[in-house]
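Have a look at the structure below before the remarks.
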Amino acid sequence: MKFSNGCWLQKESCECFSPQEIYFTKIEEKKVILCAPTQKINHRGDTLGGINLTITITSPMKNVIRIQASHFLGHIKKGPEFDLVVKDTIPLEVIDSEGVITITSGNLTLEIEKENGNMTYRRDGEVITKSGTRDLALMKTDWRGQVYDKGDYKDTYIRQQLSIGVGELLYGTGERFTPFVKNGQSIDIWNEDGGTSTEQSYKNIPFYLSNKGYGVFVNHPEKVSFELASEMVTKAQFSVEGGSLDYYLLNGPTMKDVLERFTDITGKPSLPAPWTFGLWLSTSFTTNYDEETVMNFIDGMIERGIPLRVFHFDCFWMKDFHWSDFVWDERVFPDPKAMLKRIKEKGLNICVWINPYIAQESILFSEGMEKGFLVKRTNGDIWQWDMWQPGMALIDFTNPNACEWYASKLEELLDMGVDCFKTDFGERIPVDDVVYFDGSAPKKMHNFYTYLYNKTVYELLMKKRGREDAVLFARSATAGSQKFPVHWGGDCWSDYESMEESLRGGLSLMMSGFGYWSHDIGGFEHTSTPDVYKRWAAFGLLSSHSRLHGSTSYRVPWVYDEEAVEVVKTFTLLKAALMPYIYRNAVETSLTGVPMMRSMVLEFTEDRNCAYLDKQYMFGDSLLVAPVFNEESKGIFYLPEGNWTNFNTGEVKTGGKWYEEYCSYLEIPLYVKEGSLLAVKENAERADYNYADGVTFRVYRLAEGETVTTVIYNNYMDKAAEAKVSLLEGKYYITVSIDMPYTVLLMNQTIAQVTNGSVTMEGKNARISCKSDGVVICS
């Protein structure tokens, strides 16, 4: 939201009340409270009126400082609030000198000038950002004088502006399909069902990340308005309606460190099961299908050698006009339990579509109304509209009994054989004429509704399937929703432009605390050309989660052409082979909060060429993926400094350069960073298996004296093996803790002699066969 008219003036009727001095301080072990009048106090008479801000400073953990600025302290604060993991505070180091208050947490210091209330954040003495004159302020947008102000916070906001330095770039704020770098953008944190081609977003996160190695989390579930180098080009501004502002400044020093601290506060991404990383196939949305169609799809994938892992039933598994009553449409699925059993016998897991809305034709509508489980209007009526289903209502997830009731209906599906749910929607949540069971503020519930919805479903899955097998396919999100994976990018068109914007949105979400992400392979709306489908398949199967899904047409590859079948098969098998590497990165994501799919700037912050890159990404810590976005079959990508090896061909390229290469449909630019140790399973046929059994460790040229390590995990952090490779005086020393044979592939290396193993040269690569534990020496 913009308040200014240029550099010096406010908008008409807008008045800015900002601290003019720090009048007094109250210092406690874990808290500093400042009284900040918005007028200079020259004599005692100046204290008789005017607006004061009370600023409370705490720290939830080292290197994080929390600022809470409030006008009226007697204002009753309605929920909901973010479900933060870290709620306690730690002792502060405070120096209260004559002119400056210095507050330190870890390596992060906040200096506050008593004369004017200006704030400076420093990391080890170096300035990272500042708040100067008028930057922190109570803003009145219909100001007619203090005597006419009723104090009801109508037309009232609090804003904070923080300085942006030369060359500083900002990222994050959720899954946004606008430019990846957020400088110059006006962003409202307000969940909308707007597709992938607009400034609207399904997943709004009030957090931005700076390439200077700090982040800002605005602790408000309601609408937060960001002006990031837009209203004032040297300022990052955020504002909220009302008389209180609460935000955290998180120090790095690296961008990864910031994400780790942010997810320490809001929650780590939970770890999905290995089977979820396999290929998902959907019925698509409005297509006509029945049990015969479903089984033909599944059998068709099996017959063509494509290792399908999950089958998804979209909306019309239920009767039209009955969503969501969770009752199978007996006209097309006469015996769903038997059908699900047959699908499971083919080695698949099963997902079904749900949403949190109840149509009035549903058998659940009258029951939910009678028991008080539906959101109401202020006059006591059920809140209904016709936007998605005629007369639909919303489950009131602020009512614990409603959550239990809703979950009980889903539990029946789990008992029938369903394994997981696509938790669609949760964005179009009303704010006018709305009453919630627990009295929650509707404007806060608009964004937060999705959290309660997905939490209810995820907790049921943990109860029924165990923590290690709980997974969703969710569209909407808010801060903390990363605890309920997986999320997908929403409704995109079926063209290269939407493929590109989908990746951009995913990378933006990954810069906002989320660990795993997916998208509709081939696009959702309409039907892509075979060309786009095949390129999207390669991209989709080198994403953390991979699903074939559309709207009005099927997404099985043979409806495009036979080459599409080969493409989907090739990249599904490639992902299966990479699963020891992929799952290790997934485990680390769940422990650190650093995402699986990483923007280039996150991994190579010091490389200025990476700052704006949004058409390629790091898939884990070692693999660079550059999808092809054109009909000319050109892979266009940048390799950072160092040597990079093509995963499939072994060709080595020098980094610090841009490249353009021709790619057949069976190829994608996929490069391995030098000094990498990749665990892979050659000839793997599905996504979940014993990742240590028959594993091959690929070693990409080390520098003299360098040591690399890796770990193999099986289901839910079960450590199956550890490997270490060192290059010392020209010899490779290989140590693997494993109780079964394994292979080491030294890429682009010639080996003449091996101790405790045997060697076979395969072109430029040396394959070392090893029996089990013990040090293998290669020279």
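No lab work stands behind these numbers, since they all come straight from the coordinates. No experiment lies behind these values; they were computed from the predicted model shown. Here Cβ is always computed from backbone atoms with ideal geometry, including for glycine, and neighbour counts include all displayed protein chains.
What order do you get for 516, 612 when you list them from fewest to most C-beta neighbours inside 10 Å?
612, 516
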I'd like the FRET efficiency for residue 760 and residue 632, computed as 1/(1 + (r/R0)^6) with the beta carbon distance as r and R0 of 45 Å, rounded to 0.05. 0.70
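Share of antiparallel DSSP beta bridges in the chain, in percent to the nearest 5?
If we restrict to bridges inside the chain, about 85 percent are antiparallel.
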With θ taken as phi - 60° and the coefficients 6.51, -1.76 and 1.60, list the Karplus ³J(HN,Hα) couplings across the stretch 312-329 in order, rounded to whole Hz; mark glycine and proline as x. 10, 9, 7, 3, 7, 6, 9, 5, 4, 6, 10, 6, 10, 10, 6, 10, 5, 6
Note to self: C-alpha centroids of the stretch 418-480 and the stretch 10-76 sit apart, in Å, by 36 Å
Amide H neighbours of residue 728 at under 5 Å, excluding residues fewer than 5 places away on the same chain, with H built from the backbone geometry, are 705, 733
Could you tell me how many degrees, from 0 to 90 and to the nearest 10, lie between the Cα long axis of helix 562-592 and the main elongation axis, the longest principal axis, of the Cα atoms of the chain? 50 degrees
Quick query: amide H of residue 182 versus all other amide H atoms, modeled in the peptide plane; which residues come in under 5 Å with a sequence gap of 5 or more or a different chain? 170, 171
Separation between the residue 97 and residue 338 pseudo-spin-labels, each 7 Å from Cα along Cα→Cβ, expressed in nm? 8.3 nm
Of the listed pairs 268/673; 223/463; 212/731, those with alpha carbons more than 30 Å apart are 223/463; 212/731
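Order of 559-565, 395-401, 507-513 by packing, highest average Cβ count within 10 Å first?
507-513, 395-401, 559-565
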Do the alpha carbons of any pairs in 376/444; 344/422; 40/62; 26/140; 569/681; 2/150 sit beyond 26 Å of each other, and which pairs? 40/62; 26/140
Length added when fully stretched, residue 468-residue 683, from 0.36 nm per residue minus Cα-Cα: 74.8 nm
Give the lysines whose C-alpha is closer than 16 Å to that of residue 764, dropping any in the same chain fewer than 8 places away, or say none. 653
Residue-by-residue Karplus 3J(HN,Hα) for the stretch 721-737, coefficients 6.51, -1.76, 1.60, Hz, glycine and proline x: 6, 9, 9, 9, 10, 10, 10, 10, 6, x, 10, 8, 10, 10, 10, 10, 8
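Per residue, how big is the convex hull around the C-alpha atoms of the stretch 34-132? Give it to me in cubic angstrom, could you?
On the way: hull volume 12.9 nm³, N = 99.
Roughly 130 Å³ of hull volume per residue.
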Identify which of the listed values of Cα extents along the principal axes in Å was calculated from the structure shown: [x] 100, 68, 57; [y] 102, 59, 57; [z] 90, 71, 47. [z]
Helix-only mean residue ellipticity at 222 nm, the chain, DSSP H runs n ≥ 4 weighted -39,500 (n - 2.57), per residue, nearest 500. What is it? -6000 deg cm²/dmol
A chain fully extended from residue 438 to residue 73 at 0.36 nm per residue, minus the present Cα-Cα distance, gains in nm 129.2 nm
Based on a Kirkwood Rh over C-alpha pairs, give the Stokes-Einstein translational diffusion coefficient of the stretch 274-592 at 37 °C and viscosity 0.692 mPa s in µm²/s. 163 µm²/s
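Need one number: % antiparallel among DSSP beta bridges in the stretch 274-592, to the nearest 5.
Counting only bridges with both partners in the stretch 274-592, antiparallel ones make up about 25 percent.
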Measuring from label point to label point, each 7 Å out along Cα→Cβ, what is the residue 661 to residue 286 span in nm? 4.2 nm
Aspartates and glutamates with Cα under 15 Å of residue 319, excluding same-chain neighbours fewer than 8 positions away: 290, 291, 329, 330, 335, 361
Need the list of aspartates and glutamates near residue 30 for cross-linking: C-alpha distance under 17 angstrom, and skip anything on the same chain fewer than eight residues off. 88, 93, 96, 111, 246
What dipole magnitude, in Debye to the nearest 20, does the chain give about its Cα centre under +1 on Lys/Arg Cβ and -1 on Asp/Glu Cβ? 1480 debye
Nearest-5 percent of antiparallel DSSP beta bridges in the stretch 690-778? 85 percent
For the stretch 410-420, Karplus couplings with θ = phi - 60° (6.51, -1.76, 1.60), whole Hz, Gly/Pro x: 6, 4, 4, 5, 5, 5, 6, x, 5, 10, 7
Specify the angular offset, from 0 to 90 degrees and rounded to the nearest 10, of the alpha carbon long axis of helix 336-345 from the longest principal axis of the alpha carbons in the chain. 60 degrees
Each label point is 7 Å from the Cα along the Cα-to-Cβ direction; what then is the distance between the points at residue 152 and residue 649, in nm? 7.1 nm
Can you list residues from other chains, or at least 5 along the same chain, whose modelled amide H is less than 5 Å from the amide H of residue 4? 11
In µm²/s, what is D for the stretch 443-565 at 4 °C and 1.567 mPa s, where D = kT/(6 pi eta Rh) by Stokes-Einstein and Rh is the Kirkwood radius from Cα pairs? 84 µm²/s
Tilt of helix 442-465 relative to the longest C-alpha principal axis of the chain, in degrees (0 to 90, nearest 10)? 40 degrees
